[in-house]
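Each reported figure results from applying straightforward, stated rules to the coordinates on display, with no laboratory input. Since we're looking at a predicted model, the values are computed, not measured. Every residue, glycine as well, gets a Cβ built from its backbone with ideal geometry; the counts of neighbours run over all protein chains shown.
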Number of protein chains: 2
Amino acid sequence: MKSLLANIKITVDEKVYLKDPESSVKGQQIIQTSILLIDELGLESFTFKKLAERIGTTEATIYRYFESKHTLLVYLISWYWNWLEYRLVFATSNIASAEDRLKIAIHILSGKIENDANFAHISEVALQRIVIAESAKAYLTKEVDTDNKHGFFLSYKRLCKRISNIIQEINPDYKYPDSLVSTVAESAHYQIFFSQHLPSLTNINDSKQSQLEEFLTDLVFKAIEK
Amino acid sequence: MKSLLANIKITVDEKVYLKDPESSVKGQQIIQTSILLIDELGLESFTFKKLAERIGTTEATIYRYFESKHTLLVYLISWYWNWLEYRLVFATSNIASAEDRLKIAIHILSGKIENDANFAHISEVALQRIVIAESAKAYLTKEVDTDNKHGFFLSYKRLCKRISNIIQEINPDYKYPDSLVSTVAESAHYQIFFSQHLPSLTNINDSKQSQLEEFLTDLVFKAIEK
DNA sequence: GAAACATAATAGTATTACTATAGTTATTAA
DNA sequence: TTAATAACTATAGTAATACTATTATGTTTC
């Protein structure tokens, strides 16, 4: 299986970077190390200077790949959504029942992640923690409209639309498929965050990952029931 | 009505500030102007220096009230949640039916706001925009656990618990009342944000505020149905 | 072997998020 | 009324941030 997928590559829209980090060893180091460092320090304390030091290069080099810390974050998050979409497409192909496909989608959205051997330089586990804790900061800015015009959020929108389509297959009369999907996708993140840091806001137990999936599956299927 | 409530005051836990901004004219100016300025510039571009200039004072004065930009944000958000709680308690008193009380709660969570004449120095409309666009940044930090120990999120937790209790009254067997409430509260915010900036992620129309309420009411009542 | 490119090294800028200190004005208490 | 105290203003300073700019050095590639 591993070798079969060896030449799969998750690509991110080229508007997000100045130079494709997948195209060089330095670029891959930047991605790999930035994931570990943002996870470790949090976005606020993460700087290109610290990243450069850890890689053994200088800020200038990193700025040849990414215009800013913000676009690097957008890159990482886009990569994550593209990876989820790839897993979703893979897991739902040849499955006739829309209900089953929707269950798989919710499983993937709420799922505990394992590092994917197909992408050795990416720690998906750390990346998921970044997406949980930092992804809202990618769009909650005054620049959201121009960023959106540049296609910075296409990966997320594409994944959501794919799941929304499954819902419409099941119940074409349900009026809020897009809202339901974005609600579930966002909820999956901060329910995990709450369970770890503000547990009174959730009934999900940090260690029992299946509860989140149950909560969301129940929510979605009841909402779209005819 | 206005005069009846003239002596009502929303208070924020004293751990959030160094000196109570409600206790002086300067303090009230700080609150009033910071709401307008954060709304205008966004949290990232907002600085104490700009705030001081607009008020006609210096940074030092503002630092006597708030330790940092972060605690000022926590103050504003706490004030907002306390204000919602006060409106919720007011609107649900003497209403016997738990279902009706839950509907009111969802209405308030998803509701379009009008400025409240009882608190002249606070623009609730601008404050709601701040809560929508910036409140996640108050807890999505590496300091969330210490902030939580200091009680920075008590207002939000108290409001959520109150609504969660209504749900438990309606269906004591429902397993995820707290998760459902925090999901709805968060969803109410970013569905509005999405409708304005990333409309493909939602079916809610920016101008039709009743859709959001309908979406959330439907979601909640179906979820907790026996 | 020259041109083109990637990276490194170094320096510099405007701004931020504060801290420190001294002086001025307003409030309160004896 | 005076003296003490608190609130506020003015000014200066610091370390760090998020970049930009320039020049030098090595490395491919035609």
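Side notes on the structure shown:
- In order along region B:49-59, the phi-based Karplus estimate (6.51 cos²θ - 1.76 cosθ + 1.60, θ = phi - 60°) of 3J(HN,Hα) comes to 5, 5, 4, 4, 4, 5, 7, x, 9, 10, 3 Hz; Gly and Pro are listed as x.
- Pairs with C-alpha atoms separated by more than 24 Å, drawn from the list A:K112/A:K161; B:K157/B:K208; A:K69/A:K157; A:K112/B:K161; B:K103/B:K208; A:K26/A:K137, are B:K157/B:K208; A:K112/B:K161; A:K26/A:K137.
- Cα-based shape type of region B:79-224, given that a ≥ b ≥ c are square roots of the gyration tensor eigenvalues and the cut on a/c is 1.5: rounded
- The mean count of C-beta atoms from other chains within 10 Å of the C-beta of residues in B:199-211, rounded to a whole number, is 4.
- Sorted from shortest to longest, the distances between the A:R158 label points of this copy and the other copies are 4.7 nm, with each point 7 Å from Cα along the line through the beta carbon.
- Remark: relative contact order (chain A) = 22 percent; criterion is Cα-Cα distance under 8 angstrom and separation of 6 or more residues.
- Inter-copy label distances at A:T57 (7 Å, Cα→Cβ; nm, one decimal): 4.7
- Neighbour-count ranking [beta-carbon atoms within 10 angstrom, fewest first] of A:K19, A:K137: A:K19, A:K137
- Estimated from helices alone, the mean residue ellipticity of chain B at 222 nm is -21000 deg cm²/dmol (sum of -39500 (n - 2.57) over DSSP H runs with n ≥ 4, per residue).
- Position A:K15: other-copy label points at 4.4 nm, ordered by increasing distance, label point 7 Å along Cα→C-beta.
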